[in-house]
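Some notes on the structure that comes next.
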Amino acid sequence: MKKLIVYHNARCSKSREVLEILTKKGIETEVVEYLKKPLTKKVLKDLLMKLNLKPIDIVRTNEDIFKKKFKGKNFKDEEWIQILIENPTLLQRPIVVDEYKAVIARPAESVLEFIARRK
């Protein structure tokens, strides 16, 4: 079984919790700290396809930057993708990815269902 990719924010308790769950289960992971190394448009589009979501669906709408700059405005999907690239703190987290699917692991325990379906 290939390792999982975890898009991780070290300051996020849910993100740390997911990594802990995966480690305890002995699942090999590749951790991507997306705040330090921003996502490319290609990676973000691939994530959206695996999540089966639209860009607005992975935006953290309770972040201050969202409330100040983006709340109440209508953007096209391509514009939201660019906004997420330029403002990575707006990205929902953690996102756990395998070859074909992805999940926003909130609550953290939802990652257990995701890994159970991989077998």
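The values are calculated or read from the model by the stated rules, or taken from the named source; none is laboratory data. On a predicted model such as this, the values are computed, not experimentally measured, just so you know. Virtual Cβ from ideal backbone geometry, glycine too; neighbours counted across all protein chains shown.
Do you know which of the residues in the stretch 64-89 that are farther than 14 Å from Leu53 by Cβ and hydrophobic (A, V, I, L, M, F, W, C) is nearest to the chain's Cα centre (by Cα)?
Of the residues in the stretch 64-89, the ones farther than 14 Å from Leu53 by Cβ are 64-76, 78-79, 82-83, 85-89.
Next cut, hydrophobic (A, V, I, L, M, F, W, C) only: 65-66, 70, 75, 83, 85.
Details: Ile65: 18, Phe66: 17, Phe70: 19, Phe75: 20, Ile83: 15, Ile85: 12 Å.
Filtering first and then ranking leaves Ile85.
Among the basic types (Lys, Arg) and surrounded by 12 or more Cβ atoms within 10 Å (Cβ to Cβ): is that true of Lys71 in this structure? Don't jump to the end; show me each part of the working.
Working: among the basic types (Lys, Arg): yes; surrounded by 12 or more Cβ atoms within 10 Å (Cβ to Cβ): no.
So Lys71 does not fit the description; no.
Consider only pairs whose beta carbons are under 8 Å apart and that are at least six residues apart or on different chains; among these, list those whose first residue lies in the stretch 103-119 and is free of Cβ contacts under 8 Å to residues at least 60 places away in the same chain and whose second residue is in a helix (DSSP H, G or I) and surrounded by 17 or more Cβ atoms within 10 Å (Cβ to Cβ).
From the stretch 103-119, the pairs are Val103/Leu51; Val103/Val111; Val103/Phe114; Ile104/Leu51; Ile104/Ile58.
In the set Lys45, Lys3, which member is over 13 Å from Ile104 (Cα atoms), of a type in the set (D, E, K, R), surrounded by fewer than 17 Cβ atoms within 10 Å (Cβ to Cβ) and at pLDDT 95 or above?
From the options Lys45, Lys3, the qualifying one is Lys45.
When residues of the stretch 52-68 are filtered for being without any contact (Cβ under 8 Å) to a residue 12 or more places away in the chain and either surrounded by 16 or more Cβ atoms within 10 Å (Cβ to Cβ) or of a type in the set (Lys, Arg) (or both), how many remain?
Total satisfying the criteria: 2.
Which of the residues that make up the stretch 31-51 are more than 12 Å from Ile95 (Cα to Cα) and either small (Gly, Ala, Ser) or touching a residue at least 24 places away in the same chain (Cβ under 8 Å) (or both)?
Once the filter is applied, which keeps residues that are more than 12 Å from Ile95 (Cα to Cα) and either small (Gly, Ala, Ser) or touching a residue at least 24 places away in the same chain (Cβ under 8 Å) (or both), the stretch 31-51 yields Leu35, Pro38, Leu39, Thr40, Lys41, Lys45.
Name the residue that is surrounded by the fewest Cβ atoms within 10 Å (Cβ to Cβ), counting only residues in the stretch 15-33 that are more than 13 Å from Val111 (Cα to Cα) and not hydrophobic (A, V, I, L, M, F, W, C).
The initial filter retains those residues of the stretch 15-33 that are more than 13 Å from Val111 (Cα to Cα), namely 26, 28, 30-33.
Going one step further and asking which of them are not hydrophobic (A, V, I, L, M, F, W, C), we end up with 26, 28, 30, 33.
On the way: Gly26: 6, Glu28: 10, Glu30: 12, Glu33: 13.
Going through the qualifying residues, I end up with Gly26.
Report whether or not Glu17 is free of Cβ contacts under 8 Å to residues at least 40 places away in the same chain and over 16 Å from Glu99 (Cβ atoms).
Working: free of Cβ contacts under 8 Å to residues at least 40 places away in the same chain: no; over 16 Å from Glu99 (Cβ atoms): yes.
For Glu17, the condition - free of Cβ contacts under 8 Å to residues at least 40 places away in the same chain and over 16 Å from Glu99 (Cβ atoms) - is not met.
Would you confirm whether or not the stretch 68-85 contains a residue that is of a type in the set (Lys, Arg) and closer than 19 Å to Ala10 by Cα? Outline the logic, then answer.
Initially, the stretch 68-85 is screened for residues of a type in the set (Lys, Arg), giving 68-69, 71, 73, 76.
Narrowing the set further to residues that are closer than 19 Å to Ala10 by Cα leaves none.
There is no residue in the stretch 68-85 that is of a type in the set (Lys, Arg) and closer than 19 Å to Ala10 by Cα.
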